[in-house]
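A short write-up of the structure that comes next.
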Amino acid sequence: MHNFPLGEPANEADWRAQVEKSLKGAGWDKLVGKTSDGIELKPLYREPDIATATDVSGAPGVAPFIRGAAGWTIRQSFDHPDPEKTNAAILADLQGGVGAIELVVDPGGERGVAIRDAADLDLALADVVLEAAPVSLDAGVSALWTAELLAAKLKGVAAPGTSFGLDPIGTLMRTGAIAKADIATSAKFAAKTRSAMPAARSIRADARPVHEAGGTEAQEIAAALSSGIFYLHALGEAGLSPTEAAETVEFTISVGPDVLIEAAKLRALRLTWARVLQASNVHAEKRGARIHAVTSQRMMTRYDSHSNILRGTTATFAAAIGGAHAITTLPFTDAIGRATPFGRRVARNTQLVLMEECRLGHVADPAGGSWFVEKLTRELAELAWTKMQAIEAAGGIVAALTSGALQKDIADARAKREAAIARRKETVTGVTDFPLLGVEPPTVEATAYKSTKAVPAASTADVRAEALAPIRWAAPFEALRARAEAKDAKVFFANMGALAEFTPRANFARNAFAAGGVGAIGPETQHATMETLIDAFKNSGAGVAIINGTDAHYAEHAQSAARALKGAGALWVVLAGKPGEAEAALRGAGVDQFVFVGQDTLRELETLHAALGVSS
């Protein structure tokens, strides 16, 4: 380490010199990362990158509205189909520290509470003090009549934080169909509610479908902005002033595990929305965006589900330092099924620990002044603004969806990210890297429930678009893993040389194969001779073997080992490492497949599955 004289300011040139020395000839670009939008992430940021000394972001809660105020509301999600069980969960979570209720409604009971009339809503919210615990609705195609039920129940008194969740655009993104009349009806409801319950927000601009379909940060912000602009116009036609319209819109955003990128995303949304409202002649003090952040579903895994606790914690941390007004932390079993009381407890306590023990709830904009975050905030804002302008120039968010243009842009972004994950350039801990085979999944809550009441009729859809299908990054690997584990598929490790020599490649292969559910036989076993190696293979009962060793061992023994393994009954022989110029000779000797860093691991696992007889 370079020792700078005491009191001498750090010199960036000296720092770079030391870093370049540690790179040992590798280019500086090795340290430069990129966001999913292609924005460069440098290894070091300083005052010349962005002049934070002049307080460029202003004070929290005022123009230019980049900085978030201290504290947030813990808004937990409830979606059990049985209204009575939902009520029990709500009361338990309120007792445990939750401050607001996100009621996911689905009359059919598949994705939410099976509320079909006022009696069901009363049952779900029984004994809830609505003046103290605001309710927000996430009801999709049932949003309008569910909002009417909640409005009637509130009787004109809505606590701050209440949200009726009317979002035809979000419904169009998710389902691919809406009734055009629902847009005007939603705006009229918002106008009526605005005068009766000014503390409530009626309109939700939900950009989660973009995120959950694989979209980038800038695409999510752009969709949120265009949805917000669309609603401003609709609310204006319903009789609200620009300022009144702005005060009835709430944004809902997904937040992933990349802490500083996600924090910058929320700050960039506030910055760009303030620019929209400035152009709309909204009163200066009313231009701040109200943001509800929900931890990402696409980051969740079915295997090694407890690692989701870490993802949920980092995502919640990002939402908190990014300045979200309300945060929903999804249970760590979200990808498996509905959470048990323990799963809900972990979710709410994640926020309580961050809020009270880590004191994040007592600090306004903790990331403020960070050169990295401030710079990225503006870079994201400018890129998102450009994308929003492109959507608006093409006719707005509805036109972008009905034409398929937005879906194509998201699909292109998703494909790039999926390719990186397939090559394990981006990792999903517990799935693509460090998978633990044979671990029992945590329990989830049974949800068998059938309502005998009729499902309220929905409006007839006359606006259609391709739905944005949600994905999970881990899903392709999980599908392979499920098939292989069902067959108890295993590969024999034909290790050559000493333990220290074959271990690096054996560990790589073991990890890569486990990502596809394939177990290892003898991954740490050292074989004294070729004869003992072949005897061990015969006794293993395996049909597939992988050769592991150093390049020197490969040059001397790999071909003979492959021939011997095939002669001993191996149906398929794999070699760990790049074959180089020896590929033809190795294949001629019986090597069928090579595995090494940088490959499309998904494709190689599919090839291995075929060799193991694991059906697709």
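Every read-out reported here was derived from the displayed coordinates using simple, explicitly stated rules and does not represent laboratory data. The structure presented is a predicted model; accordingly, all values stated were derived computationally and were not measured. Cβ coordinates were reconstructed from backbone atoms using ideal geometry, including for glycine residues, and neighbour counts include every protein chain displayed.
So here's what we get for this one:
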| quantity | calculated |
| --- | --- |
| For region 34-113 versus region 551-570, the gap between their alpha-carbon centres in whole angstrom | 56 Å |
| Links that overshoot a 32 Å alpha carbon limit, given the list 188/387; 192/408; 192/450; 180/408 | 192/408; 192/450 |
| Angle in degrees between helix 83-95 and the longest Cα principal axis of the chain, rounded to the nearest 10 | 90 degrees |
| Among the listed pairs 265/286; 34/416; 85/155; 34/425; 42/286; 487/538, those beyond 23 Å (Cα-Cα) | 85/155; 42/286 |
| Fraction of beta bridges assigned by DSSP in the chain that are antiparallel (%, nearest 5) | 10 percent |
| Summed residue charge, Cβ within 10 Å of residue 438's Cβ, Lys/Arg positive, Asp/Glu negative | -3 |
| Between 0 and 90°, nearest 10: helix 475-487 axis offset from the chain longest Cα axis | 50 degrees |
| For region 440-486 versus region 324-386, the gap between their alpha-carbon centres in whole angstrom | 25 Å |
| Amide H partners (placed H, <5 Å) of residue 519, local residues excluded | 489, 490, 491 |
| Using alpha carbons only: equivalent-ellipsoid semi-axes of the chain, gyration tensor based, whole Å | 49, 31, 22 |
| Helix axis angle, 499-515 relative to the chain longest principal axis, alpha carbon, degrees | 40 degrees |
| Summed residue charge, Cβ within 14 Å of residue 524's Cβ, Lys/Arg positive, Asp/Glu negative | +1 |
| Burial ordering of 425, 375, 21, fewest other beta-carbon atoms within 10 Å first | 21, 425, 375 |
| Sorted by Cβ neighbour density within 10 Å, fewest at the top, the residues 453, 24, 188 | 24, 453, 188 |
| Ranked list, fewest to most other Cβ atoms within 10 Å of each Cβ, for 50, 253 | 50, 253 |
| Additional length obtainable on full extension of the chain from residue 486 to residue 122, 0.36 nm per residue less Cα span | 126.5 nm |
| Cα gyration tensor, region 295-446 - rounded (a/c under 1.5), prolate or oblate | oblate |
| Proximal charge balance of residue 615 [Cβ under 12 Å; K/R count +1, D/E count -1] | +1 |
| Kirkwood-based Rg to Rh ratio, region 476-612, C-alpha trace | 0.93 |
